[in-house]
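Okay, so here's the structure we're looking at.
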Amino acid sequence: MGSSGRIRTYVQGFDEKLSGGIPPGHIVLLAGEAGTMKSTVAWNVLHSGAVKEGRTGAYITLEQSRESFAAHLRTMGMDPKAVEDKVSIVDLAMIRKNLEGMAESTWLEIFKMYAHNLKKSLNYELLVIDSLTVLLTLARFDRPREQMFQLFEWLRDLKATTLLVSEMRTKNDEFGAHGEEFLADGIIHVKMERVDDANIQRRIRCVKMRGSAHSPNYYTLMFENGFLQATRVIAE
Ligand SMILES: Nc1ncnc2c1ncn2[C@@H]1O[C@H](COP(=O)(O)OP(=O)(O)O)[C@@H](O)[C@H]1O
Ligand SMILES: [Mg+2]
């Protein structure tokens with residue numbers, strides 16, 4: 001596959017490392033600890049894709065409220081209002097709150113209904129689910145390996161390029177708990193790295209991307225001058 005038609009992350013310096021971006025239709029895990037900018041990176045893909053290429057997208061948030069997320073994005077210069085005709089933020093956190101105490105088994109059905117209806121109304125090319133971790137907690141799979149496989153099959157049928165945000169625990173280096181690291185077409189890992197006694201930097205790396213000759217290396221992830229950037233790690 002050539003680089004044309006690929007979904008650029010618009011993290012400056014990173015798309016070249018992915019041979020142009022994410023192949024369309026891929027389901028990609030975006031995994032990392034809290035505060036590693038997973039949500040910001042995921043939004044950046046939708047926001048810049050809409051501004052620069054007119055791509056349509058949907059962002060389903062399951063934990064952070066739309067207001068909190070939008071406020072964060074505004075401080076980063078990526079106001080959702082600027083792309084509201086192309087990208088919708090769906091706040092399932094709010095629905096969770098209002099439907100507290102509802103049978104857990106129906107959560108996955110509600111989620112699927114939203115994702116499906118949005119696909120029909122918006123026909124989004126890109127879908128972000130923030131996060132898969134919360135979705136799995138709510139869904140309470142009793143046969144996780146099999147149900148994860150079925151969930152991925154269902155996602156593939158949506159015919160969108162999908163980013164699944166995955167919350168990793170500190171000191172746990174697993175990208176998934178139920179086989180999602182094998183089911184996913186790609187994995188992008190973001191992490192905090194201690195560079196000396198006092199300083200911590202963020203890092204980004206493509207662990208896996210089917211159909212791509214990608215760099216497996218870590219790059220420094222920074223937000224500077226209003227842009228997310230991945231630069232070579234300079235030996236400290
Ligand atoms: N204006 C800003 N410039 C640079 N970094 C910021 C700015 N605003 C917030 N951050 C950083 O972004 C982090 C949150 O990013 P977020 O995408 O929500 O992370 P995650 O989804 O991985 O938990 C904050 O912990 C903060 O360090
Ligand atoms: Mg987040």
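Please list, by residue number, every one of the trypsin sites (Lys or Arg not before Pro) in the stretch 140-236 that is coil in DSSP and has at most 10 other beta-carbon atoms within 10 Å. List each step's numbers first, then the result.
Details: sites: ARG140, ARG145, ARG156, LYS159, ARG169, LYS171, LYS191, ARG194, ARG202, ARG203, ARG205, LYS208, ARG210, ARG232; in loops: ARG140, LYS159, ARG169, LYS171, ARG210.
Sparse-neighbourhood loop trypsin sites (Lys or Arg not before Pro): ARG169, LYS171.
Sparsely packed loop sites in the stretch 44-89 (the GluC sites (Glu not before Pro) outside DSSP H, G, I, E and B with at most 16 other Cβ atoms within 10 Å) comprise GLU84.
Only aspartates and glutamates eight or more places from LYS171 in sequence, or on another chain, were considered; those with a Cα closer than 17 Å are GLU33, GLU193. Within a straight-line Cα-Cα reach of under 21 Å, LYS159 can be paired with the following lysines, leaving aside sequence neighbours fewer than 8 residues apart in one chain: LYS86, LYS112, LYS119, LYS120, LYS208.
Our summary gives the stretch 15-232 a relative contact order of 29 percent, counting only alpha carbon pairs under 8 angstrom and 6 or more residues apart.
Divide the volume of the convex hull around the Cα atoms of the chain by the residue count and you get 131 Å³ per residue. Fewest neighbouring Cβ atoms within 10 Å first, the residues ARG6, ARG74, ARG143, ARG66 line up as ARG143, ARG74, ARG66, ARG6.
Phi angles across the stretch 189-201 convert, under the Karplus curve 6.51 cos²θ - 1.76 cosθ + 1.60 with θ = phi - 60°, into 3J(HN,Hα) values of 10, 10, 8, 9, 10, 7, 9, 7, 3, 9, 10, 10, 10 Hz, Gly and Pro given as x.
Taking 0.36 nm per intervening residue step and subtracting the Cα-Cα distance, what contour gain separates SER215 from ALA198 on full extension? Let's see the in-between values first.
Working: separation 17, 0.36 × 17 = 6.12 nm, distance 2.87 nm.
Difference between extended and current length: 3.2 nm.
Placing +1 on the Cβ of every Lys and Arg and -1 on the Cβ of every Asp and Glu, with no other charges, gives the chain a dipole of roughly 420 debye about its Cα centre.
Among the GluC sites (Glu not before Pro) in the stretch 92-184, which ones are in a DSSP loop with at most 13 other Cβ atoms within 10 Å of the Cβ? Mind listing them? Don't jump to the answer; show the numbers that get you there.
Numbers: sites: GLU100, GLU104, GLU109, GLU125, GLU146, GLU153, GLU167, GLU174, GLU180, GLU181; in loops: GLU100, GLU104, GLU125, GLU174.
Those satisfying the criteria are GLU100, GLU104, GLU174.
With a cut-off of 14 Å between beta carbons, the residues surrounding LYS171 carry a summed charge of -2, where Lys and Arg count +1 and Asp and Glu -1.
In the stretch 15-232, the DSSP beta bridges split such that about 40 percent are antiparallel, to the nearest 5.
We did not get these values from a lab; they are worked out from the coordinates using the rules stated. Because the structure is a prediction, the values reported are computed rather than measured. Methodologically, a virtual Cβ is constructed for each residue, glycine included, from the backbone with ideal geometry; neighbour enumeration extends over all protein chains shown.
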